[in-house]
Amino acid sequence: MIISIRTSVLSLLCFFLLNQPAAQAQIKALVGGTLIDGYGGNPLHNSVILIEGERIKAVGQVGQLAIPENAEVISTEGMSVLPGLWEMHSHLMLVGHSDYAHWDTAYIDQFRDVIMPAAAKQLLHAGVTSTRDLGGPLEELLYVREQINEGKLEGATIYTSGPFIQKKPYPGTEKFRWGVDNPADARAKVKKLADAGVDCIKLIDQDQM
């Protein structure tokens, strides 16, 4: 269970704490916040969460759950503590921009090194610890995904489909929209995505196929 806090600083802090090597494991105590367990239980006020390495060791309340003397105590007073949120339909290459025709041509060379890392980091700082990207350039997405997985970039964990699969891409979008002309072409492109290591396949324009 990964936790996030609904403040930028503590969301980042929890991500950092839960991604430390086991050899450096130290007990962390998140103390004082309102814990929302994600299972529909009543909020737990004045909560105490003990974290050892990458695991939550114990959960309780102030005055009821003892905090080890060697624990690093992190105050969550006045905050909500909850499991990491998921963004189930994102496009990390967009960062909210709506003028697609301009964006896709003016900034496509910055997707990998600037825009996607910034979008993934923004999600994490908002308490979103995992995101499902459903349409973007394949190599760039896989690169950023692996950089985050290896701890080289700070950001939400990425699950991705890579490019859209559709009948005919819009002009100028062929890098992240792959057209298919027949069943053999569709199978070949899906196999290419699967071999590259995508997590799912996104199909649109089904009525045209």
* To do: Mind listing whichever residues of the stretch 85-130 are open to solvent by 60 Å² or more (accessible area, probe 1.4 Å), in contact with a Gly (Cβ under 7 Å, 6 or more places away or on another chain), in a helix (DSSP H, G or I) and more than 16 Å from residue 147 (Cα to Cα)?
  => 105
* **Subset of the stretch 171-198 (residues that are in contact with a Ser or Thr (Cβ under 8 Å, 6 or more places away or on another chain) and either open to solvent by less than 40 Å² (accessible area, probe 1.4 Å) or modelled with pLDDT of 95 or more (or both))** => 193, 198
* Structure fact -> Here the qualifying pairs (Cβ atoms under 8 Å; residues six or more apart or on different chains; first in the stretch 146-170 and more than 26 Å from residue 183 (Cα to Cα) and open to solvent by 10 Å² or more (accessible area, probe 1.4 Å); second among the aromatic types (Phe, Trp, Tyr) and assigned to a helix (DSSP H, G or I)) come out as 154/15
* Structure fact -> Within the stretch 131-145, residues in a strand (DSSP E or B) and open to solvent by 10 Å² or more (accessible area, probe 1.4 Å) come out as 132
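From 81, 73, which residue is out of contact with any Ser or Thr (no Cβ under 7 Å at 6 or more places or on another chain) and surrounded by 12 or more Cβ atoms within 10 Å (Cβ to Cβ)?
73
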* Structure fact -> residue 63 fails exactly one of (1) under 25 Å from the mean Cα position of the chain (by Cα); (2) surrounded by fewer than 16 Cβ atoms within 10 Å (Cβ to Cβ), namely (1)
* Asked: Going through the stretch 29-55 one residue at a time, which ones are open to solvent by 60 Å² or more (accessible area, probe 1.4 Å), in a strand (DSSP E or B) and not acidic (Asp, Glu)?
  -> 55
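The values are calculated or read from the model by the stated rules, or taken from the named source; none is laboratory data. What you see is a predicted model, and the numbers here were worked out from it, not measured in a lab. As a convention, Cβ positions derive from the backbone with ideal geometry for all residues, glycine included, and neighbour counts pool all protein chains shown. SASA here: full protein model, heavy atoms, side chains in, ligands and nucleic acids out. Shrake-Rupley method; radii C 1.70, N 1.55, O 1.52, S 1.80 Å.
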